[in-house]
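Participant: Take this structure, written in structure tokens, and hold onto it; I'll ask about it next.
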Amino acid sequence: MQNSKQTKIRIIGSVGSGKTTLARQLSDKMKIPFYELDNVVRERHPLGDRRRTEIEVEKFLEAILLSDTWIIEGVHNEEWTSETFLQADMIIFLDPAYSTRTYRIIRRFILQKLGFEKANYTVTNEMLFKMFKWNRHFEQVGKPNFFNTYADGQKLRLIRKKKDLSNLLSELSVRWNNT
């Protein structure tokens, strides 16, 4: 990454890996916008979400990618997201242990049910089970697909443990302070 004025970061990981938390943290520190791919796919409304058409998703994502700076986070690594990886200056792959992600999914569900954490969706048992399913699917299909398609050694930062994340944040902090 050259400097904060030319920073494009793509964060990927499964449900419960910490994508949104990290994107918010980096966005606040670096003063650049972050985007959730779930919100590119879905138009959020108080009375219920609307899934955007493929054309709408394409145009929305294209507008984001035309920006000088962005942080894009999401589990998606299908063809429609390929430009997010190709244009990124840095790709952060969050890969905490499967058991850690499972714990976080359950914790999030409880906090959302109790009203302590906001959700972009209706918090139901059905949604909880979908998250378990998505977590397993990412482990079996999404992760191998990513590494077979987008794992560029120069741009890729693989984060498995808190120490890896601390090292990344230290690296980025040095860059922020030198720009």
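Every number here is computed from the coordinates shown, using simple stated rules; none is lab data. These numbers were taken from a predicted model, which means no experiment stands behind them. We place every Cβ from the backbone using ideal geometry, glycine too, and count neighbours over all the protein chains shown.
Participant: Which FRET efficiency value, to the nearest 0.05, is calculated for THR122 and THR20 with the Förster distance at 22 angstrom and r the Cβ-Cβ distance?
Facilitator: 0.75
Participant: Here's a follow-up. Mind checking which of GLY16, GLY142, GLY153 has the largest fluctuation in a GNM of the chain, springs on alpha carbons under 10 Å?
Facilitator: Looking only at GLY16, GLY142, GLY153, the largest GNM fluctuation is found for GLY153.
Participant: Another one. Which pairs in the list LYS113/LYS143; LYS31/LYS59; LYS8/LYS113; LYS59/LYS163 are over 32 Å apart, alpha-carbon to alpha-carbon?
Facilitator: The pairs that break the limit, which is 32 Å between Cα atoms, are LYS8/LYS113; LYS59/LYS163.
Participant: From the backbone phi of the range 29-44, what are the Karplus-calculated ³J(HN,Hα) couplings (6.51 cos²θ - 1.76 cosθ + 1.60, θ = phi - 60°) in whole Hz, Gly and Pro given as x?
Facilitator: Calculated HN-Hα couplings, in order: 5, 8, 6, 10, x, 10, 10, 9, 4, 4, 7, 7, 6, 10, 8, 7 Hz.
Participant: For the chain, what does the helix formula give at 222 nm: sum of -39500 (n - 2.57) over DSSP H segments with n ≥ 4, over the residue count, nearest 500 deg cm²/dmol?
Facilitator: Value at 222 nm, helices only, nearest 500: -14500 deg cm²/dmol.
Participant: Mind giving me the nanometre distance, one decimal, between the label points for LEU65 and ILE110, set 7 Å out from Cα along Cα→Cβ?
Facilitator: Those two pseudo-labels are separated by 4.1 nm.
Participant: Hey, another quick one. Given the Cα-Cα distance of LEU158 and PHE129 and 0.36 nm per residue of separation, how much length would full extension add, in nm?
Facilitator: Full extension of this stretch gives 7.7 nm more.
Participant: For TYR35, enumerate residues with amide H under 5 Å from its amide H, sequence gap 5+ or separate chain, H modeled in the peptide plane.
Facilitator: ILE71, ILE72, GLU73
Participant: Which of rounded, prolate, oblate describes the range 89-179, given a ≥ b ≥ c as roots of the alpha-carbon gyration tensor eigenvalues and a/c under 1.5 marking rounded, otherwise prolate only if a/b is larger than b/c?
Facilitator: oblate
Participant: For the range 33-179, what's the relative contact order in percent, using C-alpha pairs closer than 8 Å and at least 6 residues apart?
Facilitator: With pairs under 8 Å counted, the relative contact order is 26 percent.
Participant: Can you list the aspartates and glutamates whose alpha carbon is less than 16 Å from that of LYS161, not counting same-chain residues fewer than 8 positions off?
Facilitator: Output for LYS161: ASP95, GLU171.
Participant: Here is a further query. List the relative contact order of the range 1-71 as a percent without decimals, with contacts defined as Cα pairs under 8 Å and 6+ residues apart.
Facilitator: The normalised contact order for the range 1-71 reaches 44 percent.
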